[in-house]
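> Supplied in structure tokens, the structure appears directly below.
A short reminder: the numbers here are calculations on the coordinates, not readings from a lab. The structure presented is a predicted model; accordingly, all values stated were derived computationally and were not measured. Cβ coordinates were reconstructed from backbone atoms using ideal geometry, including for glycine residues, and neighbour counts include every protein chain displayed.
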Number of protein chains: 2
Amino acid sequence: MTAADFSGAKVLVTGGLGFIGSNLAHRLVDFGAEVTLMDSLIPEYGGLQYNVHDIRTRVTVTIADVRDPEAVARLVKGQNYLFNLAGQTSHVDSMLDPKTDLEINAAAQLSILEACRKHNPGVKLVFASTRQLYGRPQYLPVDEKHPIRPVDVNGINKLAGEWYHLLYNNVYGIRACALRLTNTYGPRMRVRDARQTFLGIWIRNVIQGAPVLVFGDGTQLRDFNYVDDAVEALLLAAADPRSEGQVFNLGSAEVISLKALAEKLIALHGTGRHRIVPFPPERKAIDIGDYYSDFAKIRSELGWTPKVMLDEGLKRTLAYFSEHGRHYWSNP
Amino acid sequence: MTAADFSGAKVLVTGGLGFIGSNLAHRLVDFGAEVTLMDSLIPEYGGLQYNVHDIRTRVTVTIADVRDPEAVARLVKGQNYLFNLAGQTSHVDSMLDPKTDLEINAAAQLSILEACRKHNPGVKLVFASTRQLYGRPQYLPVDEKHPIRPVDVNGINKLAGEWYHLLYNNVYGIRACALRLTNTYGPRMRVRDARQTFLGIWIRNVIQGAPVLVFGDGTQLRDFNYVDDAVEALLLAAADPRSEGQVFNLGSAEVISLKALAEKLIALHGTGRHRIVPFPPERKAIDIGDYYSDFAKIRSELGWTPKVMLDEGLKRTLAYFSEHGRHYWSNP
């Protein structure tokens, strides 16, 4: 994958003002792509105008919801690539309001694919899926052959959304693939609360001097990808025809317990404290225990490997939010 | 499972005027249950008032759609059992109108479960799922550990519907289980077209003297359950607490090629003819090849085994439609 794959290409990013979408947009405009960002700016989700303030004149921003079929039909026309990142990401919210989660993560995905089938069957789609659909790991690391057993409504709906993409690839020849992302972090992530990942609010709390709350006993293992690495994987998957009809795990060789992560974050920032607290019951009910990915498939088939180590990625993230945090702490 | 499990019990059957629902209703009223049948009577689906004409005074029939949350909320209250059989069953229709399939097979299931959570968390649910979610078998017979890989929109949405049930069992303690049905046939099945199963239209054609069309080369293997056996499995799953949170395949030890089945049907009827014809393209795209189930799990855990052999079941079915067919050939 090189700049030539995207130079002059027309690219639509759903969820384009969100965390990963806006980081992707920065790479794409540097490559010379013609970028349209579609985002609903729902306050509970990840979209923020500030995420693209520095490239505002180099992208087209459309405030529209993926649940709006007319907007979707209009925007997919003529695109070469569609990075399909819009989603409801909160596991807890998916249990409190399962209908909205279904509408965004399943029904809207189907309508995006129908729009591509009708208006732009030549587009290449990359769908941002999630490790959540594996549920509680039966073995570690979790590869793509691991049984699927989502433990929350979000996992079920994301799975349906993912499979619609593979189905449209297989039945209609609309080229599509899915990346199952693990915890992604970095500049422009949502830090107002834990809706995107708990690490967002940890970073905010460390910077603001509040205690970092670690749920359970802190021994749960996780893997993390710095956002630039996740963006690289999205671009590779878009550019490489070997991705078509495929699902790939992202992941990291650095596996860390939540307690160690909290300590690392505090050490890197130079100050802060953490507290081990019991799981809130609504989180305990859908907790998946230890999780980390086997990402050998994307490494061997698409040549992806994460490059930014956790220390470096956390440093950059802390630096970003130390400088820009006031735009992120609360709703604009 | 005995009559005592259902005698005096309040039972709601969604899709209650359909093929399996109405056969189940006959058993339930014989057991002395207080039965409410909910059905939308959508002409393309399986519901037909005639299916319960002989027990009409012994059941409560409500014409309502599972997509109507108010109707669902009203009807789930006070029930001891909920047999959740309403569904869009046509694979081809699910590709032509994926949104409707999603609304019925996924979204409405979620709203039924939400209604149970809010208004009747003590109910026991049995969900009619399908072998379709396995996709093209990777090995035969297909057991419950077989990877899930639906090949059509219907398979994806039925899977989501099934998993919502397991999720609400696991997270909220609302007792639920799912049976993955294979081809079911018998009296009261839809024979107007192939929307429920191709065998429906075969039976109609044999009785009406039209040729039976066998797609492909006729060597595809399938297993079949006579509807009384499927009903027995539903009742066992409802009555037995060992079913909670579980998924069970139904199936049959009698595996038969489609060509042999056509010949058997014609021989049993005493007259008729079949033609081997190429797959229509819209069916070829979602065909799953050979399929038959391993049903050892439900046999060992719930004691179910199919009792009606194919010859006997087909004879009874032919006899039923020879007598009652005029109520089934076309829309009432």
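> From Cα pairs below 8 angstrom and at least 6 apart in sequence, can you work out the relative contact order of the range B:1-43, rounded to a whole percent?
The normalised contact order for the range B:1-43 reaches 49 percent.
> Same structure again: Starting from the exponent 0.38 and prefactor 2.2 Å, build the expected Rg for the protein assembly as shown from its residue count and divide its actual Cα Rg by it.
1.02
> Hey, what does the equivalent ellipsoid look like for the range B:202-250, semi-axes from the Cα gyration tensor as sqrt of 5 times each eigenvalue, largest first, whole Å?
34, 15, 6
> Among all the lysines, which ones have a C-alpha under 19 Å from A:Lys315's C-alpha, if same-chain residues fewer than 8 places away are not counted?
Those lysines meeting the cut-off are A:Lys259, A:Lys264, A:Lys307.
> Another one. Run the dipole for chain A about the Cα centre, Lys and Arg Cβ at +1, Asp and Glu Cβ at -1, nothing else charged, and hand back the magnitude in debye, nearest 20.
Rounded to the nearest 20 debye, it is 180 debye.
> How big is D, in µm² s⁻¹, for the range B:113-194 by Stokes-Einstein at 25 °C and 0.890 mPa s if Rh is the Kirkwood radius over C-alpha pairs?
Estimated via Stokes-Einstein, D reaches 171 µm²/s.
> Follow-up. In nm, what does the list of distances from B:Asp287 to its counterparts in the other copies look like, shortest first, when each label sits 7 Å along Cα to Cβ?
Counterpart label points of B:Asp287 in the remaining copies fall at 5.1 nm.
> Next up: List the distances, in nm to one decimal, from the label point of B:Ser7 to the label points of the same position in every other copy, shortest first, placing each label point 7 Å from Cα along the Cα-to-Cβ direction.
Copy-to-copy label distances at B:Ser7, shortest first: 8.4 nm.
> Order of A:Tyr292, A:Tyr164 from fewest to most other C-beta atoms within 10 Å?
A:Tyr292, A:Tyr164
> Tell me, what ³J(HN,Hα) does each residue in the range B:86-102 have, in order and in whole Hz, if you take phi through Karplus 6.51 cos²θ - 1.76 cosθ + 1.60 with θ = phi - 60° and put x for Gly and Pro?
For the range B:86-102, the Karplus curve yields 5, x, 8, 10, 7, 5, 5, 4, 5, 7, 6, 9, x, 5, 5, 4, 5 Hz.
> Give me Rg/Rg_expected for chain B, where Rg uses Cα atoms only and Rg_expected = 2.2 N^0.38 Å with N residues.
0.93
> As a test of the definition: which semi-axes, in Å, follow for the range A:74-128 when you take the square root of five times each eigenvalue of its alpha carbon gyration tensor? Largest first, please.
Those come to 26, 11, 7 Å.
> I've got another one for you. Give, rounded to the nearest 20 debye, the magnitude of the charge dipole that the range B:180-332 has about its Cα centre when Lys and Arg contribute +1 at Cβ and Asp and Glu contribute -1 at Cβ.
Charge dipole, the range B:180-332, about its Cα centre: 560 debye, nearest 20.
> May I ask you to report, in nm to one decimal and beginning with the shortest, the distances from B:Pro121 to the same position in the other copies, taking label points 7 Å along Cα-to-Cβ?
5.0
> Suppose every Lys and Arg Cβ carries +1 and every Asp and Glu Cβ carries -1, with no other charges. What dipole size does the range B:217-284 come out with about its Cα centre, to the nearest 20 debye?
Rounded to the nearest 20 debye, it is 520 debye.
> Tell me the volume per residue, in Å³, of the convex hull enclosing the alpha carbons of the range B:178-320.
Each residue corresponds to 107 Å³ of Cα convex hull volume.
> When the Karplus curve 6.51 cos²θ - 1.76 cosθ + 1.60 is applied with θ = phi - 60°, which whole-Hz ³J(HN,Hα) does each residue of the range A:160-172 get, with x for Gly and Pro?
In residue order, the calculated couplings are 4, x, 4, 6, 4, 4, 5, 4, 5, 5, 6, 8, 10 Hz.
> Can you list residues from other chains, or at least 5 along the same chain, whose modelled amide H is less than 5 Å from the amide H of A:His274?
A:Val212
> Return the Rg/Rh value of the range B:1-152, two decimal places, where both radii are evaluated on C-alpha atoms and Rh is the Kirkwood radius.
That ratio equals 0.99.
> Kindly provide the helix-only [θ] at 222 nm of chain B, computed as the sum of -39,500 (n - 2.57) over DSSP H runs of four or more divided by all residues, to the nearest 500 deg cm²/dmol?
-11500 deg cm²/dmol
> Taking the rotation axis that maps chain A onto chain B, which residue of A brings its Cβ closest to that axis, and at what distance in whole Å?
Nearest Cβ to the rotation axis, residue and whole-Å distance: A:Ala160, 2.
> Going by a ≥ b ≥ c, the root eigenvalues of the Cα gyration tensor, does the range A:39-109 fall in the rounded group (a/c under 1.5), the prolate group (a/b larger than b/c) or the oblate group?
oblate
> Among B:Tyr172, B:Tyr226, which comes first, second and so on when ranked by fewest other beta-carbon atoms within 10 Å?
Taking fewest neighbouring Cβ atoms as first place, the list is B:Tyr172, B:Tyr226.
> Per-residue mean of other chain beta-carbon atoms within 10 angstrom of the beta-carbon, peptide B:106-116?
For peptide B:106-116, the averaged partner shielding equals 3.
> Tell me, what ³J(HN,Hα) does each residue in the range A:302-318 have, in order and in whole Hz, if you take phi through Karplus 6.51 cos²θ - 1.76 cosθ + 1.60 with θ = phi - 60° and put x for Gly and Pro?
Going residue by residue, I get 10, x, 8, 8, x, 10, 9, 6, 4, 4, 5, x, 5, 4, 4, 5, 4 Hz, with x marking Gly and Pro.
> Another one. Please list, ordered by chain and number, the residues whose modelled amide H lies under 5 Å from the amide H of B:Leu221; skip anything fewer than 5 residues away on the same chain.
For B:Leu221, whose amide H was placed from the backbone, the distant partners under 5 Å are B:Asp290, B:Tyr291.
> Okay, next question. Can you give me the Rg/Rh ratio for the range A:151-219, using Cα atoms for both radii and the Kirkwood formula for Rh?
Taking Rh as the inverse mean 1/r over Cα pairs, Rg/Rh reads 1.16.
> Enter the mean number of other protein chain beta carbons within 10 Å of the beta carbon of each residue in B:155-167, as an integer.
5
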